[in-house]
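Visitor: Right, I'll just put the structure down here and ask away after.
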Amino acid sequence: MRKINTPIQIGTKTVKNRITFAPTVKFDWTDSSGMPTERFVRHYEDRAKAGTGLICVEATCVIPDGRLAPSQLGLWEDAQIEGHAKIAEACHKHGAVVIVQIHHGGYNTHPACGPSKGPSAVEWREHKITQEMTKEEIIKIRDQFIEAAIRAQKAGYDGVQLHACHSYLINQFVCPRVNLRTDEYGGNTKNRARFACEIIRGIRQACGRDFIISARTVGAEPTVEEAWAIADEYIEAGVDYLQVSSGIGPEEINYPEGLPYSHIVWYGTKMREHVNGRVPVSVVHNILEPEMAHYLIENNLADTIDSARALLADPNWARAVLEGTGFVKCRSCKICFWSPFMPHKCPAVAERFNTDPDCVDYNK
């Protein structure tokens, strides 16, 4: 049996293999209520059924006025628990461990949902000036992350993932370019990581040891060494698992030449080397071929493989990696048709159904 098929311990949970489904947002699958629908249940169950060891449910907002779109999934009120429970139950039925990514957009909040607000008043995208959160607002949002995790546990999830990368609120706090605060939430590494670490400690206190706390963290912000220092703070605070991706933007970095994988995967491999077994580390980004998944695991470059596009194109990619069976390949479209605000008319899905992309019933 190849190493990618072997179980791995994450926190107190045993994940049956090293394939994980990365969180990928679908904004048009719910409405302003943020309620999970049956479509979400089928979507995640399909990936669990095909053998994926760990499922991470997409960015789920902890407060209505921190959403990226008016139709983003939520865990800001108890009424949403029941729908999430159906997702967790469906994935557990096939032996998958399932966590949910909890999220706040910060500066990226959709204007129809709330103000562009975060750690500081800075010039942000489209040249808008953000609003600086007061200390009272920071504490309130910290507590809303913790409350969302408590709801996740009540829904039956095995844990949560903090969305601490991709330029969202937690990432904004750790990035010295856009966190200009001079209080205890800004300045040195420990202070910039404080917001996330208080969330981690609060979740652990509320939800106990038998609950995975993952962080989808930055690989370079603004350097790989600073990203490592941030991760060290998360681990000290009690995080169980690091899933490494990109952030607001690194300084000029000299990447090794001739890498068989992307620079974002390289960030994850370097993070794993730095962490040195303290917690498992996952890598992500354009890992589309089973051979690359095996290469990364068998050469001890990663503990798990986060797949997004490959598993969106065909849930059976997991089975292909684990058992060597066939699958429909991702087309590597310049802009993924599964991406937010895209029509979700994936050509690979159309091939699976042997029809034109416009003829696929994407509600199934």
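Where a number appears in this text, it was derived from the coordinates with a stated rule and is not lab data. The structure presented is a predicted model; accordingly, all values stated were derived computationally and were not measured. Virtual Cβ from ideal backbone geometry, glycine too; neighbours counted across all protein chains shown.
Visitor: Where both partners of a DSSP beta bridge lie in the chain, what percent of those bridges are antiparallel, to the nearest 5?
Guide: Values: 4 of 37 bridges.
The answer is about 10 percent antiparallel.
Visitor: If amide H atoms are built 1.01 Å from N in the plane of the peptide, which residues on other chains or at least 5 residues away come under 5 Å of the amide H of THR60?
Guide: GLN101, ILE102, HIS103
Visitor: Here is a follow-up. Per DSSP helix of 4 or more residues, -39500 (n - 2.57); summed, then divided by the residues of the chain. What does that give at 222 nm, rounded to the nearest 500?
Guide: Working: 11 runs with 124 residues, N = 364.
The helix contribution divided over the chain gives -10500 deg cm²/dmol.
Visitor: Could you list which residues have their amide H under 5 Å from that of HIS110, counting only those 5 or more apart in sequence or on another chain, with H placed in the peptide plane?
Guide: Distant-sequence amide H within range of HIS110: ARG67, LEU68, ALA69.
Visitor: If you build the Cα gyration tensor of the range 78-221 and take the root of 5 times each eigenvalue, what three semi-axes come out, in whole angstrom, biggest first?
Guide: On the way: eigenvalues 165, 53, 37 Å².
Equivalent ellipsoid semi-axes, largest first: 29, 16, 14 Å.
Visitor: Over 20 Å, how big is the tail of the calculated P(r) for the range 190-292, in percent of all Cα pairs?
Guide: The calculated P(r) of the range 190-292 puts 40 percent of pairs beyond 20 Å.
Visitor: Suppose every Lys and Arg Cβ carries +1 and every Asp and Glu Cβ carries -1, with no other charges. What dipole size does the chain come out with about its Cα centre, to the nearest 20 debye? Mind showing how you got there, number by number?
Guide: Details: 41 positive and 45 negative charges, 116 e Å.
Using only the charged Cβ atoms, the result is roughly 560 debye.
Visitor: Could you pull the Cα extents of the chain along its three principal axes, largest to smallest, in whole Å?
Guide: 56, 44, 41
Visitor: Would you work out which of THR182, GLY238, PRO280 lies farthest towards the positive end of the dipole of the range 179-320, given +1 charges on the beta-carbon of Lys and Arg and -1 on that of Asp and Glu, about the Cα centre?
Guide: Of the candidates, GLY238 comes out farthest on the positive side.
Visitor: Among the listed pairs LYS13/LYS270; LYS117/LYS154; LYS49/LYS345; LYS190/LYS270; LYS190/LYS334; LYS16/LYS117, give every one whose C-alpha distance is greater than 32 Å. Don't skip to the answer; put the middle values down first.
Guide: Values: LYS13/LYS270 25 Å; LYS117/LYS154 30 Å; LYS49/LYS345 22 Å; LYS190/LYS270 21 Å; LYS190/LYS334 38 Å; LYS16/LYS117 40 Å.
Those over the limit are LYS190/LYS334; LYS16/LYS117.
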